[in-house]
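Okay, so here's the structure we're looking at.
The values are calculated or read from the model by the stated rules, or taken from the named source; none is laboratory data. In this text, all values refer to a predicted model and were calculated from it rather than measured experimentally. Every residue, glycine as well, gets a Cβ built from its backbone with ideal geometry; the counts of neighbours run over all protein chains shown.
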C-alpha cells in the first residue's frame with residue numbers, strides 16, 4: 001500500500017481535551033493547524049518545558065546535557081517494577097547461598113547477623129511483591145493484564161515498590177560490603193569463580209572463555225561489537241611481522257590478507273583518558289592494548305593473530321597465540337588485558353555514552369519542542385519510556401563514588417566518569433547510523449567478513465524500523481516542503497544539536513532524511529541498547545572472561561609466566577561477586593518488546609489511536625509483521641550458526657532503554 005497520494009490530514013484535535021498520556025487520534029503538523037490550534041500547541045509545549053528542563057551540571061557526568069528531574073510521565077510502570085524486583089530477589093538468593101560456601105567461611109558473628117537480618121528483610125520484600133502481583137493480576141511470564149485498579153491506587157503501589165527496591169539495593173550492598181571486609185580468604189581459581197553461581201546458572205562462557213576462537217568471536221558477537229576495524233596496513237606502533245602472521249594463519253601471507261581486506265584491528269587507545277585506581281589499598285590497572293585479527297583464506301570467522309598490551313611497542317612486545325609451555329600463559333595474560341580494556345570501552349563508551357545518554361538528550365528535546373499532537377511525538381515518545389528514570393538511577397548508584405564502576409572497574413571514578421562524558425559528547429549522530437558505521441569501519445562486506453552476527457542481524461532490524469518510519473512519515477508529510485515547513489521539527493532539530501549537544505545533527509530538509517533520523521533514534525533506544533546491554537548477563541557476569549580492572553601491571557614479555565601469575569590479574573572474589581550481581585540485574589530485565597506500543601500505566605492501553613496508523617493494513621501492522629519476519633530469519637540463521645546470536649531477535653529487544 002502506498003501513502004504517497006494519501007489525502008491530506010485535516011486536523012480535528014482539541015488540544016485541551018486530548019488524552020496526552022498516549023498518541024493522539026488526530027496528529028497534525030503545526031502548519032496545518034488553525035491559528036488558535038497553533039497557540040494551543042505553543043502553550044502546551046511551554047507548560048511541558050517547565051517539567052522537562054536541561055542541566056549540564058550533574059557532578060558525575062559534567063557537561064553532559066541531562067534532565068533536571070524525572071517527571072511523573074517518565075516514572076516506570078508497576079509491571080516494570082515487578083520485573084526488576086523479581087530479578088533482584090534472585091540475586092539475593094544467590095548471595096545468600098554464596099556466603100555459605102567455604103570460600104566465605106570465617107565471618108564474624110556481627111557479619112553473620114547482618115546477613116541474617118538482610119535475608120529476613122529480603123523475605124519480607126518477596127512476600128509483599130507477591131501480594132502486589134496478585135492484587136494487580138500481573139503475570140510474571142508475560143505482559144501485564146488489564147486491571148480496574150484506580151490510577152491513584154496504582155501510583156501509591158508504585159511508591160511502595162520503589163521503597164522495596166531501595167530496601168533490596170541496600171540489602172545487596174550490605175551483604176557485599178560484609179564480604180569485602182570479612183572474607184576469610186581470597187584464593188583465586190576458575191572453580192572458585194564458578195562457585196559464585198550457586199542459585200543462578202553459570203553462563204556458558206565460564207567454560208569456553210580460554211578458547212581462542214571464543215576470544216575472537218566476542219569482537220563480532222559479544223558485548224562490544226562496535227570497535228572492530230578493517231585495516232589495509234599495520235599501524236606503525238604495532239609491528240606485527242609477516243613471519244608472526246604466517247605462524248598463526250597457516251598458508252596465508254600478511255600482505256595478501258591486507259590487500260584482500262581480511263585483517264581487522266581493535267585499538268583501545270581511547271582509554272588513555274582513564275587513570276589507574278585503587279581499591280582497599282590494592283592497585284588496579286587499566287590497559288590500552290591493540291589486538292589484531294584475520295579471516296583465513298576461504299574462511300568465515302576471525303582468528304586472533306597478535307596482541308600488544310600497550311600503545312608503546314618499545315615497552316610491550318607483540319604476542320601471538322602459542323601452546324608452548326613457556327609462552328601459553330603469557331598469551332592468556334594478553335587476552336585478559338584485552339578483555340579488561342574491552343569491558344571499559346563497552347560500558348563507558350558504547351553502552352552508557354552512546355545509548356543511554358544519547359537517548360536522554362533526544363527525549364528531553366522531544367518533550368520540549370514537539371507538541372503532543374505532533375505525529376513525531378507519538379512515534380518517538382514510547383522509545384524513551386523509563387530512560388530518564390534509569391539514567392538518573394545510574395548516576396546515583398552505578399557511576400558514582402562507591403558504586404560498582406568505582407569498585408570493579410580499573411579507573412578512578414573521576415576518570416571513568418570523564419570517559420563516559422567524552423564518549424557522549426563526541427557521539428556523531430549521522431556517522432553512527434548503523435549502515436554508515438559499518439562502512440566507515442570497513443566491516444560492511446559479508447564477502448570479506450562472513451561471520452559477523454551483530455552486523456547481519458542489526459541490518460535486518462534497522463531495515464524493519466526504517467520501513468516503519470518511512471511509512472509513518474509519509475502519512476503526515478505529503479512532500480519535502482511539508483518537512484521544511486514544520487516549525488516544531490526545525491526547533492526540535494536545533495535543540496538536539498545545541499541544547500542536547502549531539503554533534504553532527506543538522507537541519508532536516510526531506511522526508512528521506514527525516515526517515516533516517518527517526519530510524520536512528522528508534523534503533524539506538526531499542527536494538528542498539530539491547531545488543532550491548534543483555535550480553536552483560538550472559539557473558540560479563542563471569543569475571544575471568546570479562547572484567548573492568550586488572551590487578552597487576554600488563555606483561556612486558558610472553559615467556560616464562562605460569563597459571564598463578566595469570567590468576568593474579570583477576571579480581572578479588574568479593575568484587576567478582578559484586579560484578580556478577582550488578583551485571584546480572586542489568587542484563588536480565590526484559591520489558592515490553594519492540595513493536596508493542598502501549599501506555600506505561602494500567603490498563604496499558606494501545607498507544608497509537610490514529611486509524612491511518614492502526615488499521616489492519618496500516619504501517620503499525622506492517623511493522624509488527626516485519627518484526628515477526630525478522631525474528632524468523634534470525635532463528636533460521638541461528639540454526640546454522642555454530643554459536644547462536646540472540647540479542648537482536650525482536651522478541652528480545654525492549655522498545656526503550658529502560659534498564
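Against the conditions (1) in contact with a helix residue (DSSP H, G or I) (Cβ under 7 Å, 6 or more places away or on another chain); (2) modelled with pLDDT under 95, residue 554 satisfies every one except (2).
Of note, residue 588 does not satisfy the criterion of being surrounded by 24 or more Cβ atoms within 10 Å (Cβ to Cβ) and either within 14 Å of the chain's Cα centre (by Cα) or at positive phi (or both). The set of residues in the range 64-84 being part of a loop (DSSP other than H, G, I, E, B) and more than 21 Å from the chain's Cα centre (by Cα) consists of 68, 69, 71.
Residues in the range 220-247 that are buried (at least 19 other Cβ atoms within 10 Å of the Cβ) and closer than 20 Å to residue 322 by Cα: 238, 240, 245. Note on the range 297-316: residues that are farther than 24 Å from residue 443 by Cα, in contact (Cβ under 8 Å) with a residue 24 or more places away in the chain and surrounded by fewer than 18 Cβ atoms within 10 Å (Cβ to Cβ) amount to 3.
Here is a yes/no grid of residues against (1) under 33 Å from the mean Cα position of the chain (by Cα); (2) in a helix (DSSP H, G or I):
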residue: 239; (1), (2): no, no
residue: 246; (1), (2): no, yes
residue: 271; (1), (2): yes, yes
residue: 347; (1), (2): yes, yes
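Scanning the range 326-344 turns up one or more residues that are under 27 Å from residue 547 (Cα atoms) and assigned to a loop (DSSP other than H, G, I, E, B). Applying the set (1) touching a residue at least 60 places away in the same chain (Cβ under 8 Å); (2) assigned to a helix (DSSP H, G or I) to residue 450 leaves exactly one unmet item: (2). Screening 64, 98 for residues that are crowded, with 20+ Cβ neighbours inside 10 Å and farther than 29 Å from residue 354 by Cα leaves exactly one candidate, 98. Every listed requirement among (1) assigned to a loop (DSSP other than H, G, I, E, B); (2) surrounded by 14 or more Cβ atoms within 10 Å (Cβ to Cβ) is met by residue 250 save one, (2).
Any idea which residue in the range 611-650 is nearest to residue 525 (Cα to Cα), counting only those that are outside any helix (DSSP H, G or I) and more than 25 Å from the chain's Cα centre (by Cα)?
618
Determine if the range 418-440 includes at least one residue that is within 30 Å of residue 643 (Cβ to Cβ), free of Cβ contacts under 8 Å to residues at least 24 places away in the same chain, in a helix (DSSP H, G or I) and over 20 Å from the mean Cα position of the chain (by Cα). Yes - at least one qualifying residue is present in the range 418-440. With respect to the conditions (1) within 17 Å of the chain's Cα centre (by Cα); (2) crowded, with 22+ Cβ neighbours inside 10 Å; (3) closer than 15 Å to residue 659 by Cα, residue 405 falls short on a single one, namely (3).
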